[in-house]
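Taking it in order: structure first as structure tokens, then the write-up.
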Amino acid sequence: MTDDDNLETRLAEQDVFEPPESFVSQANVTDAGIYEEFEENWPECWEAAADLLDWYEGYDEVLDDSNPPFYEWFTGGSLNASHECVDRHLPERADEVAIEWVGEPEDEADRSITYGELHREVNEFAAALRELGVGEDDVVTMHMPMVPAHPIALLACARIGAPHSVVFAGFSASALAERMNAADSEYLITADGYYRRGDALDHLSKSREGVADVEHDVETVVVDRLGPNGDDHGHELRENEHDYDDLLAANEGTTVEPVERDAEDMLFLMYTSGTTGKPKGVKHTTGGYLAWTAWTSQAVLDVKPEDTYFCSADIGWITGHSYIVYGPLALGTTTTMYEGAPDYPEEDRFWEIIDDLDVTQFYTAPTAIRSFMKWGAEYPARHDLSSLRLLGTVGEPINPKPWKWYYKHIGGEECPIVDTWWQTETGGHMITTLPGVKDMKPGSAGPALPGVDAQIVDGDGEEVPAGGAGYLTVQKPWPGMLRTLYKNDERFIEEYWAEYSDTDSDDPADWVYFPEDGAKIDDEGYITVVGRVDDVVNVSGHRLGTMEIESAVVSAEGVAEAAVVGADDDLKGEVVHAYVILEGDAADEDTMRERIEAAVEEQIGPIARPAKVVFTPELPKTRSGKIMRRLLEEISDGEELGNTSTLRNPEVVRDIEAEVRGE
Ligand code: ATP
Ligand code: MG
């Protein structure tokens with residue numbers, strides 16, 4: 001029997017996994033009583049999160065809920081995020097590594113930045129920003145690749161009380177301009193370029209094109225990533241552009257007193273990834289957000305100062321903000337950031353990094369795990385991954401098949417997996433197992449965190465019984481929550497609250513947060529997020545989660561990945577269409593179609609059997625790697641394609657469209 005056959009037979013039937021004893025015996029949280037304790041002691045339970053921080057001025061009240069849904073947390077308290085993430089660690093950890101930066105190509109570029117060095121560079125850059133005119137509450141935009149200056153810039157902004165607004169570097173000039181205009185942002189930090197699969201790519205041209213469309217003057221700081229290594233695309237700095245290294249040199253050794261910020265002062269603004277439509281400008285504050293990311297990093301990711309933690313996200317997404325930069329650094333640990341692609345120079349790049357640095361926690365996304373699976377178990381097998389203690393996933397539902405692959409081939413069956421459900425809007429984790437306390441159920445994120453009141457409700461807002469399915473809601477506020485959509489309180493209410501709240505009431509009990517995801521719940525309170533509300537297929541009145549059907553499709557031997565959508569149907573309302581990527585050695589298409597139909601019938605029922613199976617080499621994905629089902633649905637329905645601006649691979653959509661229409 002091959003290794004993979006073993007996995008099938010041993011793990012395929014298993015649907016509950018106990019946390020490994022080796023993990024539990026050292027976990028940060030091991031007391032199962034925490035759930036009850038937090039429930040009874042809500043909202044004061046969140047003092048536990050605030051206690052992880054070092055406040056200048058202690059807060060008066062944990063929660064001010066007098067004006068829902070505009071909740072305020074830790075009111076009257078003051079702090080500074082750069083002090084929390086840097087200065088306060090200096091007495092103990094000045095010479096310990098804060099950031100392990102792994103560059104591409106694997107030349108001499110790698111950099112280990114100690115807390116002492118981080119402190120120095122953050123101060124120098126903070127001084128430089130001030131000199132450029134950045135004042136407290138001025139929004140500074142970043143459009144940066146994964147270079148060390150990126151987290152340094154975040155912390156420098158935090159130090160002087162200037163909220164940042166990060167636009168993912170892969171986003172276009174017009175996306176950048178749109179966000180800078182929306183936030184009246186007069187400052188931009190960017191880079192000349194970056195390395196991707198060995199090539200030195202131009203980046204500055206794109207940022208400049210964006211700046212040209214900004215309605216006001218912009219001062220730009222340019223990080224020189226390519227210069228010393230050769231091809232810098234001939235960029236010469238222009239008027240209103242400043243070289244990052246020159247700015248640091250001019251401020252060598254300068255220190256800047258961290259600005260005392262009110263707990264409710266804005267720390268940053270971030271636009272959501274745009275999977276469902278137009279991105280929303282989510283506002284996060286200093287106290288609640290930092291407390292939330294620190295607490296969840298400790299309780300869920302089990303971060304300890306002596307760890308070497310690695311999250312493979314990009315800082316341009318909320319995951320990078322919360323779980324590469326703020327959470328880990330608030331706890332004084334070593335956080336790893338990687339500039340390049342997971343498959344360059346070879347498909348074992350992540351495993352090589354984990355082996356080299358003795359990484360203890362690895363946090364990634366289902367889209368990446370599906371790629372690892374496709375590439376094969378021989379790549380992780382080349383490396384010693386025994387330093388790993390915990391694995392995490394975020395971004396999309398993860399099916400049991402890739403979950404088990406991750407568990408076995410990366411975690412060696414000795415690491416718990418935290419499947420963390422959360423959103424840009426929630427600031428940090430909301431639904432996941434506490435890894436030292438709860439059993440894991442592949443495919444289900446787990447119960448809501450202690451103190452988080454998640455409920456699955458029906459269309460009328462009534463809680464569904466255990467075993468039921470419906471809409472995910474959060475019934476009580478939490479410290480890491482977004483405070484509003486930037487300069488748009490009305491849309492904030494409309495987008496997240498109106499659905500299930502009595503919007504005329506000022507009783508917080510009448511306000512319910514609606515994340516727009518569908519979910520089901522089992523008799524132990526484990527929640528399976530089945531996808532966005534519009535990712536539900538309604539066949540003859542039966543509401544089927546696309547994720548569940550996808551899970552069945554993927555379980556068929558030879559299927560690598562699948563996306564399921566509901567296509568309009570005169571008779572049934574909707575029918576299931578499955579878009580499927582096959583593994584390299586899969587059977588012929590007719591056999592595969594039969595296998596897929598059989599798997600769906602067996603696992604869900606004939607009602608869910610796909611009316612159409614389309615084989616495709618790729619699926620349309622956002623730049624954050626999520627499947628854009630909306631576009632597939634438009635193809636299935638023969639509609640005009642909507643907004644594709646946040647898509648990573650637009651050409652794929654045309655190919656699939658041609659394939660479907662040609663039939
Ligand atoms: P937009 O809101 O602009 O359409 P987006 O929702 O993709 O974009 P994010 O905030 O990055 O932007 O993603 C949050 C969403 O990702 C969640 O609402 C959920 O649909 C999905 N998600 C995240 N983690 C998980 C998880 N562990 N399990 C299931 N779904 C998840
Ligand atoms: Mg969203």
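The values are calculated or read from the model by the stated rules, or taken from the named source; none is laboratory data. Source: prediction; values computed, not measured. Positions of Cβ are generated from backbone atoms using ideal geometry, with glycine treated the same way; all protein chains shown enter the neighbour counts.
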Here the residues within the stretch 13-45 that are within 25 Å of Leu63 (Cβ to Cβ) and touching a Phe, Trp or Tyr at 6+ places or on another chain (Cβ under 8 Å) are Cys45
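I want to confirm something. Restricting to the stretch 590-641 and keeping residues that are within 16 Å of ligand 1 (Cβ to nearest atom) and free of Cβ contacts under 8 Å to residues at least 40 places away in the same chain, which single residue is surrounded by the most Cβ atoms within 10 Å (Cβ to Cβ)?
Pass one, the stretch 590-641, residues within 16 Å of ligand 1 (Cβ to nearest atom): 619-634.
Add one more test, that the residue is free of Cβ contacts under 8 Å to residues at least 40 places away in the same chain, and what stays is 620, 631, 634.
Numbers: Pro620: 27, Leu631: 25, Glu634: 19.
Looking at the filtered set, the residue picked out is Pro620.
Scan the stretch 576-589 for residues that are among the aliphatic types (A, V, I, L, M) and crowded, with 21+ Cβ neighbours inside 10 Å and report the count. Working first, answer last.
Initially, the stretch 576-589 is screened for residues among the aliphatic types (A, V, I, L, M), giving 576, 578, 580-582, 586-587.
Next cut, crowded, with 21+ Cβ neighbours inside 10 Å only: 576, 578, 580.
Residues that pass the stated criteria total 3.
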Only residues that are in contact with a Pro (Cβ under 8 Å, 6 or more places away or on another chain), β-branched (Val, Ile, Thr) and in a helix (DSSP H, G or I): list them for the stretch 14-70, please. Ile34
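Being under 30 Å from Ala263 (Cα atoms) and either out of contact with any His (no Cβ under 9 Å at 6 or more places or on another chain) or outside the structural domain of Val122 (by TED's automatic domain parsing) (or both) narrows it down to one of Gly170, Gly161, Gly198, so name that one. Spell out the reasoning first.
Numbers: Gly170 fails: under 30 Å from Ala263 (Cα atoms); Gly198 fails: under 30 Å from Ala263 (Cα atoms).
Of the residues listed, the single one that is under 30 Å from Ala263 (Cα atoms) and either out of contact with any His (no Cβ under 9 Å at 6 or more places or on another chain) or outside the structural domain of Val122 (by TED's automatic domain parsing) (or both) is Gly161.
Search the stretch 427-449 for residues being of a type in the set (A, V, I, L, M) and within 12 Å of ligand 1 (Cβ to nearest atom), and hand back the single one that is nearest to Leu290 (Cα to Cα).
Here is the first cut: in the stretch 427-449, the ones of a type in the set (A, V, I, L, M) are 430-431, 434, 437, 440, 445, 448-449.
Restricting the remaining residues to those that are within 12 Å of ligand 1 (Cβ to nearest atom) gives 430-431, 445.
Working: Met430: 15, Ile431: 18, Ala445: 23 Å.
Once the filter is applied, the top-ranked residue is Met430.
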Taking the conditions exactly as written (away from ligand 1 (no atom under 16 Å from the Cβ), assigned by TED's automatic domain parsing to the domain that holds Phe168, surrounded by fewer than 20 Cβ atoms within 10 Å (Cβ to Cβ) and modelled with pLDDT under 95), does His242 satisfy them or not? no
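Go through the stretch 199-256 and tell me which strands (runs of 3 or more DSSP E), entirely inside it, have 2 or more residues that are of a type in the set (A, V, I, L, M, F, W, C). Write out each step before concluding.
Details: elements: 199-202, 219-223, 241-243.
Correct list: 199-202, 219-223.
Suppose we keep only residues that are farther than 22 Å from Gly161 by Cα and of a type in the set (D, E, K, R) within the stretch 257-303. Which one would you say is nearest to ligand 2 (Cβ to nearest atom)? Break it down stepwise before answering.
So in the stretch 257-303, the residues farther than 22 Å from Gly161 by Cα come out as 272-280, 295-303.
Retained after the next criterion (residues that are of a type in the set (D, E, K, R)): 278, 280, 302.
Values: Lys278: 11, Lys280: 8, Asp302: 27 Å.
Here the answer is Lys280.
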Yes/no for Val512 being of a type in the set (A, V, I, L, M, F, W, C) and away from ligand 1 (no atom under 13 Å from the Cβ): yes
Tell me which residues, restricted to the stretch 22-64, are of a type in the set (D, E, K, R) and either under 21 Å from Gly436 (Cβ atoms) or free of Cβ contacts under 8 Å to residues at least 40 places away in the same chain (or both). Asp31, Glu36, Glu37, Glu39, Glu40, Glu44, Glu47, Asp51, Asp54, Asp60, Glu61, Asp64
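The rows are residues; the columns are (1) among the hydroxyl-bearing types (Ser, Thr, Tyr); (2) modelled with pLDDT under 95.
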| site | (1), (2) |
| --- | --- |
| Glu13 | no, yes |
| Phe17 | no, no |
| Asn41 | no, no |
| Leu52 | no, no |
| Tyr59 | yes, no |
| Trp73 | no, no |
| His83 | no, no |
| Asp87 | no, no |
Looking at (1) over 18 Å from Trp317 (Cβ atoms); (2) within 16 Å of ligand 2 (Cβ to nearest atom), which is the only condition Glu378 fails? (2)
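If you check His89, His83, which single one turns out to be over 21 Å from Asp307 (Cβ atoms), part of a helix (DSSP H, G or I) and either in the same structural domain as Leu154 (by TED's automatic domain parsing) or touching an Asp or Glu at 6+ places or on another chain (Cβ under 9 Å) (or both)?
Working: His89 fails: over 21 Å from Asp307 (Cβ atoms).
So the residue among His89, His83 that is over 21 Å from Asp307 (Cβ atoms), part of a helix (DSSP H, G or I) and either in the same structural domain as Leu154 (by TED's automatic domain parsing) or touching an Asp or Glu at 6+ places or on another chain (Cβ under 9 Å) (or both) is His83.
Hey, among the residues in the stretch 257-275 that are within 16 Å of ligand 1 (Cβ to nearest atom) and in a strand (DSSP E or B), which one's modelled with the lowest pLDDT? Steps first, answer last, please.
Pass one, the stretch 257-275, residues within 16 Å of ligand 1 (Cβ to nearest atom): 268-275.
Narrowing the set further to residues that are in a strand (DSSP E or B) leaves 268-271.
Numbers: Phe268: 98, Leu269: 97, Met270: 97, Tyr271: 93.
For the stretch 257-275, the residue satisfying everything is Tyr271.
For the stretch 642-655, which positions are surrounded by 22 or more Cβ atoms within 10 Å (Cβ to Cβ) and either at pLDDT 85 or above or out of contact with any Ser or Thr (no Cβ under 8 Å at 6 or more places or on another chain) (or both)? Before the answer, list the steps.
From the stretch 642-655, those surrounded by 22 or more Cβ atoms within 10 Å (Cβ to Cβ) are 646; that's our starting set.
Result: no residue meets the conditions.
If the requirement is being surrounded by fewer than 24 Cβ atoms within 10 Å (Cβ to Cβ) and in a loop (DSSP other than H, G, I, E, B), which of these qualifies: Lys278, Lys283? Write out each step before concluding.
Numbers: Lys283 fails: in a loop (DSSP other than H, G, I, E, B).
Just a single option satisfies the conditions, and that option is Lys278.
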In the stretch 388-413, how many are part of a loop (DSSP other than H, G, I, E, B) and either within 16 Å of ligand 2 (Cβ to nearest atom) or out of contact with any helix residue (DSSP H, G or I) (no Cβ under 7 Å at 6 or more places or on another chain) (or both)? 5
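Quick check on the stretch 84-118: of everything there that is of a type outside the set (Val, Ile, Thr) and crowded, with 23+ Cβ neighbours inside 10 Å, which residue is nearest to Leu247 (Cα to Cα)? It would help to see each step written out before you state the result.
Our first condition is that a residue be of a type outside the set (Val, Ile, Thr); within the stretch 84-118, this holds for 84-85, 87-96, 98, 100-101, 103-112, 115-118.
Those left that are additionally crowded, with 23+ Cβ neighbours inside 10 Å: 84-85, 89, 98, 115, 118.
On the way: Glu84: 24, Cys85: 22, His89: 25, Ala98: 22, Tyr115: 21, Leu118: 16 Å.
Filtering the stretch 84-118 for residues that are of a type outside the set (Val, Ile, Thr) and crowded, with 23+ Cβ neighbours inside 10 Å, the one nearest to Leu247 (Cα to Cα) comes out as Leu118.
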Return a yes/no flag: does the stretch 125-136 have any residue that is modelled with pLDDT of 95 or more and of a type in the set (Asp, Glu). yes
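May I ask you to say which residue of Leu248, Leu301, Leu329, Leu267 is assigned by TED's automatic domain parsing to the domain that holds Ala200 and hydrophobic (A, V, I, L, M, F, W, C)?
Values: Leu301 fails: assigned by TED's automatic domain parsing to the domain that holds Ala200; Leu329 fails: assigned by TED's automatic domain parsing to the domain that holds Ala200; Leu267 fails: assigned by TED's automatic domain parsing to the domain that holds Ala200.
Leu248 is the lone residue from the list that is assigned by TED's automatic domain parsing to the domain that holds Ala200 and hydrophobic (A, V, I, L, M, F, W, C).
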Neighbours by Cβ (under 6 Å, 6+ apart or cross-chain): first from the stretch 308-328, free of Cβ contacts under 8 Å to residues at least 40 places away in the same chain; second more than 16 Å from ligand 2 (Cβ to nearest atom) and of a type in the set (Val, Ile, Thr): Pro328/Val303; Pro328/Thr335
Kindly check whether there is at least one residue in the stretch 557-575 that is within 16 Å of ligand 1 (Cβ to nearest atom), in contact (Cβ under 8 Å) with a residue 24 or more places away in the chain, buried (at least 19 other Cβ atoms within 10 Å of the Cβ) and over 25 Å from Gly638 (Cβ atoms). no
